[in-house]
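Colleague: Below is one structure. I have some questions about it.
The values are calculated or read from the model by the stated rules, or taken from the named source; none is laboratory data. These numbers come from a predicted model, not from an experiment. Don't worry about glycine lacking a Cβ; one is built from the backbone with ideal geometry, like all the others, and counts go over all protein chains shown.
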Amino acid sequence: MYRFTLRRLIWLCGLSFLLFQFSAILTRLSTDEPVISTHQKQLMDTTSKMNPIENPQDKKNIPKIKDDVKIESNGQIQNNDIIKKPIADSQKNSKETAMNPPKSEDISKQCPVDSSLTFAKTDFWQQLQTSAKDSKFYIFSAYMDMLWRKSERYVRLVGTTTTSFHAETFCKLWYSDGKTETVPSINNAIKENWGMQYSAYFYLCTLPNKETPCAVSILSGRDSPPLNILPVHNNEFNIGLTKGEFGLCVKPLHYEYTKYLQFVEFIELQQILGVEHFTFYLNTVSENMTKILTYYEKKGIIDVLPWKIDIKSQKEVRTENMFAALNDCLLRYRYRFKYVLMIDLDEYIIPYEHNTLNSMMSDIHLSHRDASFIFRNGFFYLQHPDDMTIPDNPPLSTLRKTTRLIKLHPHNQRSKYIVDPLGVAEVGNHFVWSHISGYTTKLVSDKIAFTHHYRICEFGGDDCVKLPHTTDRRAHYFASKLLPRVKQVFINLEFHWLLN
C-alpha cells in the first residue's frame with residue numbers, strides 16, 4: 001500500500017511539472033512583446049546611429065503625436081488594395097483577389113464620411129498641422145492589425161514625424177454603417193532611423209469593439225475637425241484566400257532614376273526566380289522610366305505609389321524615408337503573398353542548390369516559427385572587366401559581371417532577406433527588427449543561397465578590385481531565359497537604342 005501511494009505521488013508530481021511547462025509555453029506564445037533574437041539585440045546595442053528598441057510595455061518610450069494633412073495626389077499611378085470583400089463574397093476569383101485587390105475608388109461607396117473629405121485614388125502622403133513648432137507630421141496608409149497583440153485589435157498607420165514629437169493625437173474611426181468613434185493614438189518610432197531628425201512611425205489606434213472601421217482620420221485634438229482620410233486596408237478578409245507565393249519590396253525610386261537596363265533586368269530576372277508582384281515607391285524618375293513603369297503596371301506586375309514628402313532626404317530623414325516604405329510594403333503584402341523579399345534594384349537572392357526561390361523556400365522553411373530568412377551579401381564590383389562568355393546584347397550586369405569578392409559579409413551586415421509577412425512586425429534594411437511573438441530568424445547558409453550585389457566600390461575609387469576575388473557564373477544559368485525577355489520588353493517599348 002505504501003509503495004503504491006509513493007508511486008502515485010511521484011506520478012502526480014511529474015504530471016504537475018509537465019502542466020507547468022505547458023502553461024509556460026502558452027504564456028510565451030501569447031505575450032504582447034515582439035521577439036528579438038540575440039544577435040539582433042547585440043546589433044542594436046552596438047549601432048550608435050540607431051535608436052534602442054523600446055519595450056512595448058514601457059509607455060514612457062511611446063511618444064504621442066498629432067494630426068496634419070495636405071493632399072498632393074500625382075495621378076499617373078495605379079491603385080492598391082483597399083477594402084477586401086468577405087471570403088464568402090469573393091471565392092470565385094480568389095487568386096486575382098488576393099494578388100490584385102479591389103480598386104481604391106470603391107471605398108467611397110462602402111464608407112460614408114464627411115462630405116468635405118475625399119478618398120484619393122491611391123495612398124499618398126498627407127500632412128497634419130499640429131501645435132508642435134518646427135515639426136512636420138505625415139500619414140501615408142492604414143491597415144488592420146490583429147497579429148501584434150493577441151488581446152487587442154488595432155488600426156496601424158504608417159507615417160513620419162520628428163523623433164522628439166510628443167504632442168497628443170487621436171484617431172477618428174469611420175464605419176460602413178455611418179457610425180464614428182474617436183480614440184487616442186499611440187505613436188511609436190520605427191527603430192531604424194539613423195538618429196536623424198525625422199523617423200518613420202507606426203501610429204496605433206486601439207479598436208474599442210469587434211467592428212472593423214472602413215477609414216481613419218488622425219486628429220490634433222479629440223474634437224478637431226478631420227482634415228485627412230485614409231482607407232483602412234482590411235487585409236484580414238484575405239485570410240483563407242489563395243495567395244501568391246512571392247511579392248517584392250524596393251526602397252523609393254529617387255534622384256531622377258534613369259537606369260532603364262538595370263530596372264528591366266531586375267524585373268525579368270526576379271520573375272524567373274519566382275517573384276510574382278513588385279511594389280515601388282516613386283519619388284522622382286525620368287520620362288522614359290515612367291514609360292517603363294507604366295508598361296509593367298498595365299501588365300499587372302507592379303504597383304507604383306507616389307512618394308513625395310516635404311522632408312529633406314539624408315539631411316532630415318534617411319534615404320527618401322525608406323523605412324516607412326519598407327514597413328508599408330510589409331503590411332500591404334501581409335495577406336497577399338506567402339513570402340516577401342526586401343531587396344534593392346542592384347541585388348538578387350540567388351539560389352545555388354535550387355533553381356527557383358519557391359523550391360528553395362520549400363526546403364529551408366522547415367519550422368513554422370521561422371519568419372525571416374537572412375542571406376549573406378556578396379559583392380560583384382562593377383569596376384571589374386566584363387565577362388564575355390555570353391557576349392550577347394544588351395550587356396546585363398548579372399551576365400557580364402562575374403568577378404565576386406571571395407569574402408562574403410556575415411549575416412546581418414549588408415544582408416538581404418525574405419520574410420513570412422504573417423510572422424514579422426517591423427523590418428529594416430538588412431534584417432528584421434521585430435517578429436510577431438513566437439516567431440524568429442533563420443540564418444541561411446551561403447551554400448544554399450546568398451545575395452548577389454552588383455555595385456561600384458563602396459567608398460569611392462577602384463581599390464575594391466584589388467581585394468581577393470573569384471569567378472562566379474551562377475547567374476549564367478538563367479541567361480537563356482533572361483536575355484530574350486529583356487530584349488522583348490525593349491522592343492515592345494520601342495527602346496531599340498538600348499539593344500545595340
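Colleague: Across segment 457-500, what is the total count of residues that are touching a helix residue (DSSP H, G or I) at 6+ places or on another chain (Cβ under 8 Å) and closer than 15 Å to residue 378 by Cβ?
Modeller: 3
Colleague: For segment 402-442, list the strands (runs of 3 or more DSSP E) that sit wholly inside it and hold at least 2 residues that are in the same structural domain as residue 455 (by TED's automatic domain parsing) and of a type in the set (Val, Ile, Thr); which are they?
Modeller: Strands (runs of 3 or more DSSP E) meeting the threshold: 416-419, 424-427.
Colleague: How many residues are hydroxyl-bearing (Ser, Thr, Tyr) and either within 26 Å of the chain's Cα centre (by Cα) or assigned to a strand (DSSP E or B) (or both) when one looks only at segment 169-197?
Modeller: 4
Colleague: Does residue 232 fit the bill of being buried (at least 20 other Cβ atoms within 10 Å of the Cβ), on the phi < 0 side of the Ramachandran plot, β-branched (Val, Ile, Thr) and out of contact with any Phe, Trp or Tyr (no Cβ under 6 Å at 6 or more places or on another chain)?
Modeller: yes
Colleague: Next question, about the same structure. Which residue pairs have Cβ atoms under 6 Å apart, sit 6 or more places apart or on different chains, and have a first residue in segment 115-137 that is not assigned by TED's automatic domain parsing to the domain that holds residue 310 and of a type in the set (Gly, Ala, Ser) and a second that is modelled with pLDDT of 90 or more and surrounded by 21 or more Cβ atoms within 10 Å (Cβ to Cβ)?
Modeller: From segment 115-137, the pairs are 135/162.
Colleague: Now, a different point. Among the residues of segment 368-389, is there at least one that is outside any strand (DSSP E or B), free of Cβ contacts under 8 Å to residues at least 12 places away in the same chain and within 30 Å of residue 145 (Cα to Cα)?
Modeller: Yes, segment 368-389 has at least one match.
Colleague: Looking at segment 480-497 only, could you name the residues that are part of a helix (DSSP H, G or I), of a type outside the set (Lys, Arg) and buried (at least 17 other Cβ atoms within 10 Å of the Cβ)?
Modeller: 482, 483, 486, 489, 490
Colleague: I'm trying to understand the selection: among the residues of segment 456-475, which are surrounded by 13 or more Cβ atoms within 10 Å (Cβ to Cβ) and either over 29 Å from the mean Cα position of the chain (by Cα) or more than 30 Å from residue 293 (Cβ to Cβ) (or both)?
Modeller: 464, 465, 469, 472, 473
Colleague: Among residues belonging to segment 140-166 that are within 17 Å of the chain's Cα centre (by Cα) and among the aromatic types (Phe, Trp, Tyr), point out the one that is modelled with the lowest pLDDT.
Modeller: 148
Colleague: Could you please give the count of residues in segment 283-328 that are among the aliphatic types (A, V, I, L, M), crowded, with 18+ Cβ neighbours inside 10 Å and not in a strand (DSSP E or B)?
Modeller: Number of matching residues: 9.
Colleague: Could you give me the residue pairs with C-beta distances under 8 Å whose first residue belongs to segment 232-261 and is closer than 18 Å to residue 422 by Cβ, whose second residue is at pLDDT 85 or above and among the small types (Gly, Ala, Ser) wherever it lies, and which are 6+ apart or on separate chains?
Modeller: Within 8 Å, the pairs are 233/141; 233/142; 245/274; 246/274; 249/325.
Colleague: Do you know which residues across segment 215-250 are of a type in the set (D, E, K, R) and either under 30 Å from residue 117 (Cα atoms) or modelled with pLDDT of 95 or more (or both)?
Modeller: 222, 223, 236, 245, listed by residue number.
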